[in-house]
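Input: a single structure, listed below in structure tokens.
The values are calculated or read from the model by the stated rules, or taken from the named source; none is laboratory data. These numbers were taken from a predicted model, which means no experiment stands behind them. Reconstructed Cβ throughout: ideal geometry from the backbone, glycine too, with neighbour counts over all protein chains shown.
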Amino acid sequence: MQLIDGKKISLQLQEDIANEVKQLLASGLKQPHLAAILVGNDGGSETYVASKIKACERVGFKSTLIRLPEYVTEEKLLNAVYDLNNNQDVDGFIVQLPLPRHINEHKIIEAIKPSKDVDGFHPLNVGRMVLNLPCYVSATPYGIVHLLEKYNIETSGKHCVVIGRSHIVGSPMSILLAKNTALGNCTVTLCHSKTENLISHTLKADIIICALGSPEFLRAHMIKDGAVVIDVGTTRVESIDSKSGYKLKGDVKFDEVAPKCSYITPVPGGVGPMTIASLIKNTMLAAKKEIYK
Ligand code: NAP
């Protein structure tokens, strides 16, 4: 079994981008700038946004955090999005999800200018991704594809089971891996909560991507020997062993599943850091206007 070290690959990617930033600045171009809108004080969202800002500092990007209260109106949030759309200095921005229930998430995402949508959630970017056109690919699936590539994991002709069909992880992941591209050509089965006899699918899978948000859901008896297991899940569970009072649990029962795998990602230190690196990569593409000229 080989552990896929997402933290290491993420730092390598960020180092490459830091070098690119130095070159940009040396050639007289402006510093890439990522902004984030954070609504409310959800602990998980605070942590994710803080990691994104830290990554910006690491690679030499400028970053701006716009905090809005939990009870902000949809109109005010839309105005904050329009301001960033029109701000010439901002190359890309994200609206940290989830949003409070009174806000229509789709409406907010559709308001983001596609050329600044570095999370890759806007329908135009999703559509372009499906059609194999230049776009921002959403950060988590993009990070996973990068990990598979770095570890030379063969995808062509393999059977991949994706568990979870969300718009931000499972669905784009299933599309990317089924594409007629170098890192694709898998036969993909997309499973969800209505899938019957899920184990009959996972037992046949060469690659399993677990993105359902159910701690330790995937057990050893559900996979075949030598499978590649990518754990996207990050659920906060209470823990007296950690200073923060919680720890992150993946969707895979790691100790039990790892010995049967050929490759596996840990939680933390697997997919999570790659999501951040992909966001930074998308922002660099935005700064260089490589996707939308
Ligand atoms: P989500 O929007 O809640 O979607 C969960 C998906 O899992 C749904 O499609 C749901 O099916 C499916 N599902 C739930 N229970 C199931 C079961 N028992 N069997 C089969 N499918 C089941 O979640 P998400 O936003 O994709 O996130 C999934 C996990 O990834 C969460 O733990 C999240 O924190 C984590 N995450 C991590 C990163 C990272 O960077 N590491 C990034 C994003 C998300 P239905 O569609 O039928 O409801």
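The figures follow:
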read-out: The stretch 243-264: number of residues that are more than 9 Å from the ligand (Cβ to nearest atom) and outside any helix (DSSP H, G or I); value: 11
read-out: Candidate set from the stretch 249-286 (those that are small (Gly, Ala, Ser) and under 14 Å from the mean Cα position of the chain (by Cα)); member that is surrounded by the most Cβ atoms within 10 Å (Cβ to Cβ); value: Gly270
read-out: Test: residue in the stretch 182-189 that is within 16 Å of the ligand (Cβ to nearest atom) and either over 18 Å from the mean Cα position of the chain (by Cα) or among the charged types (D, E, K, R) (or both); value: yes
read-out: Every pair of residues 6+ apart whose Cβ atoms lie under 7 Å, when the first sits in the stretch 1-26 and is among the hydroxyl-bearing types (Ser, Thr, Tyr) while the second is buried (at least 17 other Cβ atoms within 10 Å of the Cβ) and assigned to a helix (DSSP H, G or I); value: Ser10/Pro273; Ser10/Met274; Ser10/Ile276; Ser10/Ala277
read-out: Residues of the stretch 215-233 that turn out to be under 11 Å from Val252 (Cα atoms) and in contact (Cβ under 8 Å) with a residue 40 or more places away in the chain, as a count; value: 6
read-out: Filtered residue count, the stretch 156-171, keeping only those that are among the hydroxyl-bearing types (Ser, Thr, Tyr) and in contact (Cβ under 8 Å) with a residue 24 or more places away in the chain; value: 2
read-out: Gly44 vs. criteria within 22 Å of Lys116 (Cα to Cα) and touching a residue at least 24 places away in the same chain (Cβ under 8 Å); value: no
read-out: Considering residues of the stretch 229-242 that are part of a strand (DSSP E or B) and over 20 Å from Arg165 (Cβ atoms) only, the residue nearest to the ligand (Cβ to nearest atom); value: Arg236
read-out: Positions within the stretch 196-221 being of a type in the set (A, V, I, L, M), surrounded by 22 or more Cβ atoms within 10 Å (Cβ to Cβ), within 16 Å of the ligand (Cβ to nearest atom) and outside any loop (DSSP other than H, G, I, E, B), in sequence order; value: Ile208, Ile209, Leu218
read-out: Pairs where the first residue, in the stretch 172-191, is farther than 14 Å from Ile144 by Cβ and part of a loop (DSSP other than H, G, I, E, B) and the second is within 14 Å of the ligand (Cβ to nearest atom) and modelled with pLDDT of 95 or more, C-beta under 9 Å, 6+ apart; value: none
read-out: Matching residues, the stretch 127-171, being touching a strand residue (DSSP E or B) at 6+ places or on another chain (Cβ under 8 Å), among the hydrophobic types (A, V, I, L, M, F, W, C), part of a helix (DSSP H, G or I) and within 11 Å of the ligand (Cβ to nearest atom); value: Ile144
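Yes/no matrix, rows are residues, columns are (1) in a loop (DSSP other than H, G, I, E, B); (2) more than 25 Å from Asp91 (Cβ to Cβ):
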{"position": "Pro266", "(1), (2)": "yes, yes"}
{"position": "Pro273", "(1), (2)": "no, no"}
{"position": "Leu279", "(1), (2)": "no, no"}
{"position": "Tyr292", "(1), (2)": "yes, no"}
